[in-house]
There are 2 protein chains.
Amino acid sequence: MTLVVQKYGGTSVADPDRIKAVADHIVATRRSGAEVLAVVSAMGRTTDELEQLAFDVSSTPSARELDMLLTAGERISIALLCMAIIDRGEHAVSFTGSQAGILTDTTHGRAKIVEVRAERLRETLAAGSIAVVAGFQGVSTSSDVTTLGRGGSDTTAVALAAALGADACEIYTDVAGVFTADPRLVPAARRLDRVSYEEMLDLAATGGRVLALRSVEFARNYHVPVHVRSSFTWEPGTWVGEEDPSMEQAIISGVTYDVTEAKVTIVGVPDRPGIAARLFRTLADENVNVDMIVQNVSSAGQTDISFTVPRDDLARTRKVTDTIVEDLEARGVTHDADIGRVSIVGAGMKTNPGIAATMFEVLAHESVNIEMISTSSIRISCVVAARDVERSVRALHRALQLEAG
Amino acid sequence: MTLVVQKYGGTSVADPDRIKAVADHIVATRRSGAEVLAVVSAMGRTTDELEQLAFDVSSTPSARELDMLLTAGERISIALLCMAIIDRGEHAVSFTGSQAGILTDTTHGRAKIVEVRAERLRETLAAGSIAVVAGFQGVSTSSDVTTLGRGGSDTTAVALAAALGADACEIYTDVAGVFTADPRLVPAARRLDRVSYEEMLDLAATGGRVLALRSVEFARNYHVPVHVRSSFTWEPGTWVGEEDPSMEQAIISGVTYDVTEAKVTIVGVPDRPGIAARLFRTLADENVNVDMIVQNVSSAGQTDISFTVPRDDLARTRKVTDTIVEDLEARGVTHDADIGRVSIVGAGMKTNPGIAATMFEVLAHESVNIEMISTSSIRISCVVAARDVERSVRALHRALQLEAG
């Protein structure tokens, strides 16, 4: 029998009416002859509200207790969704992350799944029941409750789809699929029918907010076909899968942006081996998540190293860099929190030279100054001033002719 | 080392400020040299709100899923309380019912504790940590989440105090202890310094809302000293313990009342063996919780049987009785939902004859008609019209001279 894993995000189960609509869809899928496992996030803004409570009682909430707290959110939504499904005449059983066999490491707040022990889920599905699993959570090897970090419900869904050999993993959300740009910013943005795992990875990594990065990595590693679609229209959305060489490849899949980072530059670094290693090892030890890294060509035995970090980590990053700048024999450190990153992503870039040149021309024509550049075989990212981000995205989307129709 | 179990009800942890006040008290107790295990209910009206959500998505929520849902409430409060304690410099670890080793039967909604596997709690306390346990919940022998029914957090606290051999079980609530009558109804009501388990059982069974009945049974069976006190004033309250023959016994501990029941009468029942057994077995099979039962003396080979049931069970009860009335060869069934029960409780009654007569005289003097009477060695209960309940309680409290001072 076909097995479908369906994941419903917070907006999809935001209130009792939405939960009933989701129950209708799950029951319809079951009655069409498929086994259904649903993965659910916390309702609406529940996770944010719980987090607020934590900061109301403690300035630095214990990571273990924060996980205990936040996992209450999905517990509520799985129970309510099961009740609504049972009300419609189908069998349904809810599972916490622990009951579903999601075994993680002990890193509270962003645990990694180390194993999925899906026996209980398999039995439930084999008995004809719909299984409803709490996303975002697991149980650690030391029997504590853990969470997988924001976007973790996508990872739960893809991991369960992989473990159970599901035929598809449907990610239901409040947008209709993956678009060539954020439709709120670029109304003419076009929905993509399919993208490859690699493109989706770069879209997610550069600010496409539809799928969490880790879930895409998981899907690619375990070859899980992912279908991103809307729980408001229930229309087909975007399939994420293997690259398909038989299909004519669009050159560019999309334009993305991100305004959550800050840029740090170490100025006048001696150009000799080991300096970069030293710098980024120290930052890694402090749990700073460095994203883009650019090192300029050396001049007079000195170079500048620039990198971006989440803006929330900027203060911590400056503390680290200010401490080791002397050690590195560098001239100084500067930073700029008022930046944004604009990226274009597309597997077709590999065989279409000149895309980078086009991107730089478009930005120049818009008088946008490029502060950093970083490229991969299917992505080009430029750091620009924050105020230039939206204009850059619109201009690139237009110039690359990504509009609908 | 002294071990104190402290239970905090919903009003004691209703908001972040209350949680911080509770954390202060727990930390102070710990620093006074005692080991502390805290049992916590859901914050304020959380349980009611979650229950409302359940009925928003389903007219008859699945019992298993209702337990999954409601247990989210204590999960939130244990995590927040631990954060606040840790913020104050002490170690604290939260435990769900399952993690605390509260093993129950499989009756969702009102599970019974079958075993307490307290190893993990013992280790935590031995390591110098404060243990914070979710009240009201457990895990069933078939690995499902269960709840112990309303008031279940008291039962959790007493059960853990028994299992760990605690020196005292402190029940913190929004009243200052056990009173001779509900202080909202009788402002002159006096706080009792101590009552016996037996008196407390009768007080709880007849409408004293301070302690859940099952927790008192548990405390009596396992000889757990219970201290009921206020988390708002932190003043000493009422100790519940073994009857102490060396102390001069107050004759009456209190006047209680209950207006949640309805009266059902089977009229003209043939007075022969087996009829009552037949009736109440049928009701028990339908899960109707019968409380008072009174059978009048027989006249002309016929008798009337009256009993009270929770008003919520009245419709179900009438369905049962209407079905079997012919079978029982009875003349008919009547019911009255507009009744209340007034009781006086006191171990001293055993050796003080005439208390019942006093009670009936007081009610007669108030022109209150007595519809049913039931007595035990330390309790007398009268069913009266609902509108007469409050007046009866006040008159009895005054006539029995239970006022403060």
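The values are calculated or read from the model by the stated rules, or taken from the named source; none is laboratory data. This is a predicted model, so every value here is computed, not measured. Positions of Cβ are backbone-derived with ideal geometry, glycine not excepted, and every protein chain shown enters the neighbour counts.
Details
- All positions within region B:377-405 that are surrounded by fewer than 19 Cβ atoms within 10 Å (Cβ to Cβ) and in contact with a Phe, Trp or Tyr (Cβ under 6 Å, 6 or more places away or on another chain): none
- Total residues in region B:361-376 satisfying the condition of being touching a residue at least 40 places away in the same chain (Cβ under 8 Å) and surrounded by fewer than 14 Cβ atoms within 10 Å (Cβ to Cβ): the figure is 0.
- Looking at A:LEU125, A:LEU201, A:LEU164, A:LEU213, just one residue is surrounded by 22 or more Cβ atoms within 10 Å (Cβ to Cβ) and aliphatic (A, V, I, L, M), and that residue is A:LEU201.
- In region B:6-35, the residues that are surrounded by fewer than 21 Cβ atoms within 10 Å (Cβ to Cβ), among the aliphatic types (A, V, I, L, M) and closer than 19 Å to B:THR173 by Cβ: B:ALA14, B:ALA21, B:ALA28
- Of the numbered criteria (1) touching a Phe, Trp or Tyr at 6+ places or on another chain (Cβ under 7 Å); (2) at pLDDT 90 or above; (3) not acidic (Asp, Glu), the one B:ILE293 fails is (2).
- None of A:ARG122, A:ARG150 is more than 22 Å from B:GLY73 (Cβ to Cβ), more than 10 Å from chain B (Cβ to nearest Cβ), assigned to a loop (DSSP other than H, G, I, E, B) and not small (Gly, Ala, Ser) except A:ARG150.
- Scanning region B:60-80 for residues that are at the interface with another protein chain (Cβ under 7 Å from one of its Cβ atoms) and small (Gly, Ala, Ser) yields B:SER62, B:ALA72, B:ALA79.
- Checking each residue in region A:36-59 for being of a type in the set (Ser, Thr, Tyr) and either surrounded by fewer than 18 Cβ atoms within 10 Å (Cβ to Cβ) or touching a strand residue (DSSP E or B) at 6+ places or on another chain (Cβ under 8 Å) (or both) picks out A:SER41, A:SER59.
- For the condition surrounded by 19 or more Cβ atoms within 10 Å (Cβ to Cβ), under 21 Å from the mean Cα position of the chain (by Cα) and within 14 Å of chain A (Cβ to nearest Cβ), B:GLY101 does not qualify.
- Among the residues of this structure, A:ALA111 does not count as one that is surrounded by 19 or more Cβ atoms within 10 Å (Cβ to Cβ), more than 14 Å from chain B (Cβ to nearest Cβ), in contact with a strand residue (DSSP E or B) (Cβ under 6 Å, 6 or more places away or on another chain) and in a helix (DSSP H, G or I).
- Index of the failed condition, B:VAL178 passing every other in (1) farther than 23 Å from B:ALA14 by Cβ; (2) touching a residue at least 40 places away in the same chain (Cβ under 8 Å): (1)
- Boolean, B:SER343 is among the hydroxyl-bearing types (Ser, Thr, Tyr), more than 18 Å from B:THR317 (Cβ to Cβ) and assigned to a strand (DSSP E or B): yes
- Inclusion of A:GLU217 among residues that are charged (D, E, K, R) and under 24 Å from A:ARG398 (Cα atoms) is not warranted.
- Matching residues, region A:213-246, being part of a strand (DSSP E or B), among the small types (Gly, Ala, Ser) and under 24 Å from A:MET43 (Cα atoms): A:SER230
- Number of the exception - A:ALA176 against (1) in contact with an Asp or Glu (Cβ under 7 Å, 6 or more places away or on another chain); (2) part of a helix (DSSP H, G or I); (3) of a type in the set (A, V, I, L, M, F, W, C): (2)
- Among the residues of this structure, B:ALA188 does not count as one that is of a type outside the set (Phe, Trp, Tyr), more than 14 Å from chain A (Cβ to nearest Cβ) and touching a Phe, Trp or Tyr at 6+ places or on another chain (Cβ under 8 Å).
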